[in-house]
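Undergrad: Before anything else, here's the structure in question.
The values are calculated or read from the model by the stated rules, or taken from the named source; none is laboratory data. What you are looking at is a predicted structure, and each value in this text was computed from that prediction instead of being measured. Cβ coordinates were reconstructed from backbone atoms using ideal geometry, including for glycine residues, and neighbour counts include every protein chain displayed. Quick note on the areas: whole protein, heavy atoms, side chains included, nothing else; ligands and nucleic acids left out. Shrake-Rupley method; radii C 1.70, N 1.55, O 1.52, S 1.80 Å.
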Amino acid sequence: MKERTLAILKPDCVNRKLVGKVLDCILEAEFKILGMKMVKMDAKMAGEFYKVHSQRPFYRDLVEFMSSGSCIPMVLEKENAIEDFRRLIGATDPAEAEPGTIRQKFAENKQNNIVHGSDSPETAITEIAFFFSESELIPNM
Ligand code: UDP
Ligand code: MG
């Protein structure tokens with residue numbers, strides 16, 4: 001069954017001019033882009049997006065990083081999109097990410113790890129709605 005997931009190209013991806021390369025990886029892996037936009041989050045918005053981590057020691061730095069520059073949220077569609085995208089991006093820490101994954105290839109460290117991907121069907125729904133209304137998404141034929 002086709003499934004949707006939320007991806008975000010994080011500020012390090014944009015600042016390091018890696019958007020084209022990362023998009024290539026995503027498209028070559030057969031994900032369809034239903035929606036995409038450029039967003040500059042403020043600390044309140046980034047804090048809200050990552051509120052599940054609000055008690056974690058890395059939260060403050062994460063919010064600062066995610067609001068430090070533009071990011072590119074996008075809605076991706078594919079069979080098994082959530083799991084497949086997590087596999088494509090690799091482990092949170094690039095040092096632990098499988099060879100060939102986006103984070104292994106491009107990420108600098110555990111915080112500045114290039115890309116976000118939803119981790120379950122429930123989070124995909126709320127994370128997509130965080131950035132996109134249904135009318136902004138173009139169904140894939
Ligand atoms: N993060 C961090 N330090 C950590 C764990 C996570 O800076 O020890 C950051 C990193 O940018 C990560 C984000 O917080 O992508 C969300 O963490 P999560 O554990 O949900 O990792 P993900 O689902 O992105 O792999
Ligand atoms: Mg996560």
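Undergrad: Does Ser135 satisfy the criteria of being open to solvent by 50 Å² or more (accessible area, probe 1.4 Å), small (Gly, Ala, Ser) and either farther than 22 Å from Leu18 by Cα or within 15 Å of the chain's Cα centre (by Cα) (or both)? Lay out the reasoning, then the answer.
TA: On the way: open to solvent by 50 Å² or more (accessible area, probe 1.4 Å): yes; small (Gly, Ala, Ser): yes; either farther than 22 Å from Leu18 by Cα or within 15 Å of the chain's Cα centre (by Cα) (or both): yes.
For Ser135, the condition - open to solvent by 50 Å² or more (accessible area, probe 1.4 Å), small (Gly, Ala, Ser) and either farther than 22 Å from Leu18 by Cα or within 15 Å of the chain's Cα centre (by Cα) (or both) - is met.
Undergrad: May I ask you to say which residue of Glu96, Glu64 is of a type in the set (Asp, Glu), within 17 Å of Ala46 (Cβ to Cβ) and out of contact with any Pro (no Cβ under 9 Å at 6 or more places or on another chain)?
TA: It is Glu64.
Undergrad: Mind checking which residues of region 125-141 are under 19 Å from Met41 (Cα atoms) and touching a residue at least 12 places away in the same chain (Cβ under 8 Å)? Break it down stepwise before answering.
TA: In the first step, residues of region 125-141 are kept if they are under 19 Å from Met41 (Cα atoms); the result is 126-133, 136.
The answer is Glu127, Ile128, Phe130, Phe131, Phe132, Glu136.
Undergrad: Before we move on, is Lys110 open to solvent by 90 Å² or more (accessible area, probe 1.4 Å), in contact with a Pro (Cβ under 9 Å, 6 or more places away or on another chain), more than 26 Å from Ser133 (Cβ to Cβ) and away from ligand 1 (no atom under 15 Å from the Cβ)?
TA: Working: open to solvent by 90 Å² or more (accessible area, probe 1.4 Å): yes; in contact with a Pro (Cβ under 9 Å, 6 or more places away or on another chain): yes; more than 26 Å from Ser133 (Cβ to Cβ): yes; away from ligand 1 (no atom under 15 Å from the Cβ): no.
In short, no.
Undergrad: Here's a check for you: in region 77-108, which residue that is in contact (Cβ under 8 Å) with a residue 60 or more places away in the chain and in contact with a Leu (Cβ under 7 Å, 6 or more places away or on another chain) is nearest to Ala7 (Cα to Cα)?
TA: Phe85
Undergrad: Go over the candidates Ala81, Ala124 one by one and state the one that is within 12 Å of ligand 2 (Cβ to nearest atom) and closer than 23 Å to Glu28 by Cβ.
TA: Ala124
Undergrad: Follow-up question, since we're still on this one. Answer yes if at least one residue in region 38-51 is without any contact (Cβ under 8 Å) to a residue 24 or more places away in the chain and exposed (fewer than 12 other Cβ atoms within 10 Å of the Cβ), and no otherwise.
TA: yes
Undergrad: Here is a follow-up. Output the residue which, of all residues in region 113-132 that are in a loop (DSSP other than H, G, I, E, B) and under 11 Å from Val75 (Cβ atoms), is farthest from ligand 1 (Cβ to nearest atom).
TA: Per the stated criteria, the residue is Phe132.
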